[in-house]
Amino acid sequence: MEPCDLAVSGSIVAGGVGPRAGTVLVERGRVLAVVEPGTPFLARRHLDVGGALVLPGAVDAHVHCLSNPHEGVERATLAALCGGVTTLVEMPYDAGRPVWSRERLDAKRDLVAAQAWVDVALLGTVRPVDGASDVAELVDGGCAGFKLSLFDTDARRFPRIPDDQLVDVLAAIAAAGSLACFHAENDEIIKPAIERARRAGRVEPIDHCRTRPPVSETEAVLKALELSAAVGAAVHLCHLSLGRSVELAEWYRSAGQDVSMETCPHYLCFTEDDMARVGSTLKINPPLRSRRDQAALWDALRDGRVDIVASDHAPWPLEEKTRPDIFDNHSGVPGVETLVPTVLSEGLARGIAAETLVAALSTRPARRFGLATKGDLAPGCDADLVVFDRDAETVVDSTRLHSAAGWSPYAGRELRGRVTHVVSRGELVFDGEVHGHPGRGEVLDPRSTVAPPGRPGATGPVTR
């Protein structure tokens with residue numbers, strides 16, 4: 001019997017199966033096998049974590065590394081590594097240079113390859129005018145999907161795609177076999193509401209929520225679904241904040257449309273009531289919602305209607321988040337490092353099965369974005385593993401996090417559980433201390449990913 005490179009023994013959660021004692025055997029950066037207790041093996045290194053959970057590394061489907069140069073790829077991917085995120089899907093809305101050409105995609109690939117601590121897949125976007133012509137070259141360049149906005153967040157960095165252009169863009173995405181990912185909010189409802197609020201002096205944190213009423217999301221969700229259905233495009237709905245948005249998407253899914261849904265830890269952990277307590281740092285688009293919507297999202301995650309939980313990591317520095325007028329602040333919060341511990345801690349406390357949470361954090365995002373060797377511990381998959389000690393009681397300390405943001409909305413939050421070890425492609429990169437180096441991460445290309453036997457290799461519908 002030849003020794004494998006690494007063996008990790010513990011309580012394994014993978015392949016849709018809940019915690020079971022076993023050992024993951026790793027050889028040349030890939031999973032060789034998962035064996036039951038008592039099965040003989042030899043390993044050059046054996047990590048026995050007792051009853052701690054051994055999970056596939058998380059695939060964070062929504063990360064903004066370069067919206068603000070203050071963060072950058074190196075800091076964001078280091079934060080990801082320390083939180084158990086071994087693969088991230090990077091958004092294309094870079095400061096001053098949205099990724100909507102092959103030239104920009106290639107330049108970003110080179111930057112990520114030089115700086116990333118963990119593996120990264122890149123999304124593209126399109127120009128607001130004649131954007132359909134951008135699609136083919138970006139797919140050919142290895143882009144894992146397209147982020148499209150129905151809200152004009154920033155005319156240069158994060159523009160809205162007009163409806164007439166959007167139909168052609170979606171047809172091109174469908175023809176290329178790619179994926180359309182939507183920021184679903186309605187300009188015509190929100191922007192006049194903000195203007196009215198400012199004229200009336202209503203500029204407190206809660207006014208951000210009030211100027212983005214639920215219908216500003218649900219109308220845009222319907223638009224994204226209906227336009228995609230008209231041309232047969234696969235659609236992924238980003239950062240849903242409402243139970244009704246899930247219900248609408250479920251109707252289209254029941255009619256046969258290829259739809260996936262994502263929510264975020266901040267919608268699961270906070271409500272609009274927290275705006276008065278915490279303040280402007282919780283400004284997020286879409287905004288925090290009611291306790292009823294929060295409960296609806298947990299229910300949808302529990303039963304698999306919400307496919308993916310992603311961080312929407314947006315690490316603005318505090319000076320961009322603490323201005324007196326809520327509308328003068330940037331939207332978004334840092335979250336890639338806290339994604340796994342918050343979702344597992346809060347989800348397990350609510351009695352949600354560990355395998356359900358792992359599916360939303362790892363397996364489904366990998367499948368949705370065509371990352372066929374990620375998100376599971378099946379033989380042939382990349383050996384990306386996370387050890388989570390579910391009995392450790394921790395308090396989030398923003399001074400110990402690795403994002404350049406320097407703060408966290410979860411600071412002071414008590415969690416049950418802690419990421420203790422992270423393995424990326426067979427290499428132990430975190431055990432309480434960081435190992436590895438910037439540039440060890442790989443830029444993933446769905447076109448060149450060869451699926452292990454028995455696993456699908458192309459972007460396609462998530463499985464529930």
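The values are calculated or read from the model by the stated rules, or taken from the named source; none is laboratory data. Quick caveat, the model's predicted, so the values are computed rather than measured. Virtual Cβ from ideal backbone geometry, glycine too; neighbours counted across all protein chains shown. Remember, those area values only see protein heavy atoms, side chains included, never the ligands or the DNA or RNA. Shrake-Rupley method; radii C 1.70, N 1.55, O 1.52, S 1.80 Å.
A quick yes/no check of all residues on (1) over 25 Å from Pro205 (Cβ atoms); (2) modelled with pLDDT of 95 or more; (3) in contact with a Cys (Cβ under 7 Å, 6 or more places away or on another chain); (4) of a type outside the set (Phe, Trp, Tyr):
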| position | (1), (2), (3), (4) |
| --- | --- |
| Cys238 | no, yes, yes, yes |
| Gly243 | no, yes, no, yes |
| Glu247 | yes, yes, no, yes |
| Glu250 | yes, yes, no, yes |
| His266 | no, yes, no, yes |
| Lys283 | no, yes, no, yes |
| Arg291 | no, yes, no, yes |
| Leu297 | no, yes, no, yes |
In the stretch 422-464, which residues are of a type in the set (Ser, Thr, Tyr), at pLDDT 65 or above and either open to solvent by less than 60 Å² (accessible area, probe 1.4 Å) or closer than 24 Å to Arg44 by Cβ (or both)? Ser424, Thr449
Contact list please: Cβ distance under 8 Å, first residue in the stretch 252-270 and touching a residue at least 60 places away in the same chain (Cβ under 8 Å), second residue surrounded by fewer than 22 Cβ atoms within 10 Å (Cβ to Cβ) and of a type in the set (A, V, I, L, M), pairs at least six apart or on different chains. Ser260/Val462; Phe270/Val278
Just one of the numbered conditions (1) surrounded by 22 or more Cβ atoms within 10 Å (Cβ to Cβ); (2) farther than 18 Å from Ala360 by Cβ is not true of Tyr267; which one? (2)
Buried (at least 21 other Cβ atoms within 10 Å of the Cβ), among the acidic types (Asp, Glu) and within 30 Å of Glu195 (Cβ to Cβ), is that true of Asp307? no
Would you mind stating whether Ala383 is modelled with pLDDT of 95 or more, of a type outside the set (Val, Ile, Thr) and at negative phi? yes
Looking only at the stretch 51-64, count how many residues are touching a Lys or Arg at 6+ places or on another chain (Cβ under 8 Å) and either assigned to a loop (DSSP other than H, G, I, E, B) or among the basic types (Lys, Arg) (or both). 1
Among the residues of the stretch 202-243, which ones are free of Cβ contacts under 8 Å to residues at least 40 places away in the same chain and in a helix (DSSP H, G or I)? Arg210, Val215, Thr218, Glu219, Val221, Leu222, Leu225, Glu226, Ala229
Which numbered condition Arg289 misses (of (1) more than 19 Å from the chain's Cα centre (by Cα); (2) not in a loop (DSSP other than H, G, I, E, B)): (2)
Selected residue (only one of Ala300, Ala295, Ala276 is assigned to a helix (DSSP H, G or I) and open to solvent by less than 10 Å² (accessible area, probe 1.4 Å)): Ala300
Would you list the strands (runs of 3 or more DSSP E) that sit entirely within the stretch 1-50 and hold 3 or more residues that are small (Gly, Ala, Ser)? 6-14, 17-27
Filter the stretch 343-402 for residues that are free of Cβ contacts under 8 Å to residues at least 24 places away in the same chain and among the hydroxyl-bearing types (Ser, Thr, Tyr); the one that is surrounded by the most Cβ atoms within 10 Å (Cβ to Cβ) is Ser398
Residues that are touching a residue at least 12 places away in the same chain (Cβ under 8 Å), of a type in the set (D, E, K, R), open to solvent by less than 60 Å² (accessible area, probe 1.4 Å) and on the phi < 0 side of the Ramachandran plot: does the stretch 2-21 have at least one? yes
How many residues does the stretch 306-320 contain that are of a type outside the set (Val, Ile, Thr) and in a loop (DSSP other than H, G, I, E, B)? 8
Inspect the stretch 347-360 for any residue being charged (D, E, K, R) and closer than 27 Å to Glu71 by Cα and give the result as yes or no. no
Go through (1) at pLDDT 95 or above; (2) of a type outside the set (S, T, N, Q); (3) out of contact with any Asp or Glu (no Cβ under 9 Å at 6 or more places or on another chain); (4) surrounded by fewer than 17 Cβ atoms within 10 Å (Cβ to Cβ) for Arg75 and report which single condition fails. (4)
